[in-house]
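Notes to accompany the following structure.
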Amino acid sequence: CVGGLMVFVQDNRPARQPFLNAPRVVLWLIGVLVAAHVLRLYLPGTGPDEAIENYALVPARFAAAMAQGLPRGEIFGLSISFLSYIFLHGDFTHLGLNSLWLLVFGPIVARRLGPAGFLLFFLFCGVAAALVHLAVYWGSPMAVMGASGGVSGLMGAGMRIGYGRLFGEAKG
């Protein structure tokens with residue numbers, strides 16, 4: 001109070017930005033990837049290896065199933081690996097790099113597409129990457145895992161969105 005009058009002083013400091021200014025959907029997706037990796041690592045006994053064996057994308061499984069005429073019971077088991085491989089990672093370095101690039105390129109795509117569109121696009125890119133890998137490495141016994149395909153799709157979309165903003169392209 002100054003002379004009985006209350007004085008309001010305007011704070012002219014710039015607003016502080018949060019440390020991570022990413023949409024929640026991006027942070028939640030990173031959290032799910034981390035949780036899936038930690039859960040796999042702490043499965044009892046041979047569980048960690050069995051999770052990779054059963055849920056990673058293994059092109060040889062598809063080649064063997066096609067040679068046998070694709071029995072009905074195997075269709076679900078084979079098709080689930082198109083999504084499940086995305087949530088498996090070889091180690092914390094692999095997980096960390098995918099999470100870092102997801103944190104870099106995910107926000108621009110999430111802000112453009114919204115949470116549901118972002119997740120659908122991420123999963124679509126992961127499935128597309130699996131299909132390309134399957135076509136190129138048909139019959140390979142090597143297990144494929146990780147969110148790299150989905151993250152690569154986000155990188156491409158993020159670059160396209162950012163490039164459009166950089167050169168003043170109309171939103172559409």
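Quick notes on this structure:
- Checked against (1) part of a helix (DSSP H, G or I); (2) at positive phi; (3) in contact (Cβ under 8 Å) with a residue 40 or more places away in the chain, GLY114 passes all but condition (3).
- Residue under evaluation TYR137, criteria (1) within 23 Å of ARG24 (Cβ to Cβ); (2) in contact (Cβ under 8 Å) with a residue 60 or more places away in the chain; (3) of a type in the set (Phe, Trp, Tyr), criterion not met: (1)
- Tallying residues that are under 21 Å from GLY96 (Cβ atoms) and in contact (Cβ under 8 Å) with a residue 40 or more places away in the chain within the range 31-54 yields 7.
- Qualifying residue in the range 71-85 (condition: open to solvent by less than 60 Å² (accessible area, probe 1.4 Å), in contact with a Pro (Cβ under 6 Å, 6 or more places away or on another chain) and not hydroxyl-bearing (Ser, Thr, Tyr)): no
- Enumeration of residues in the range 81-111 that are assigned to a helix (DSSP H, G or I) and out of contact with any helix residue (DSSP H, G or I) (no Cβ under 7 Å at 6 or more places or on another chain): PHE92, THR93, HIS94, GLY96, LEU97, LEU100, VAL104, ARG111
Residues checked against (1) of a type in the set (Phe, Trp, Tyr); (2) touching a residue at least 24 places away in the same chain (Cβ under 8 Å):
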residue: MET66; (1), (2): no, no
residue: SER81; (1), (2): no, yes
residue: TYR85; (1), (2): yes, yes
residue: LEU88; (1), (2): no, yes
residue: THR93; (1), (2): no, no
residue: GLY106; (1), (2): no, yes
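- Considering the range 125-135, and only residues there that are within 15 Å of SER79 (Cβ to Cβ) and within 16 Å of the chain's Cα centre (by Cα), the residue that is surrounded by the fewest Cβ atoms within 10 Å (Cβ to Cβ) turns out to be ALA128.
- Filter pass, TRP138 being outside any helix (DSSP H, G or I), open to solvent by 40 Å² or more (accessible area, probe 1.4 Å) and either at negative phi or modelled with pLDDT under 95 (or both): yes
- The conditions of being of a type outside the set (Gly, Ala, Ser), within 20 Å of ALA36 (Cα to Cα) and at pLDDT 95 or above are met by LEU119.
The values are calculated or read from the model by the stated rules, or taken from the named source; none is laboratory data. If you're wondering where the values come from, they're calculated on a predicted model, not measured in any experiment. Cβ atoms come from the backbone with ideal geometry, glycine included; neighbour counts cover every protein chain shown. Surface accessibility is based on the protein's heavy atoms, side chains included, excluding ligands, DNA and RNA. Shrake-Rupley method; radii C 1.70, N 1.55, O 1.52, S 1.80 Å.
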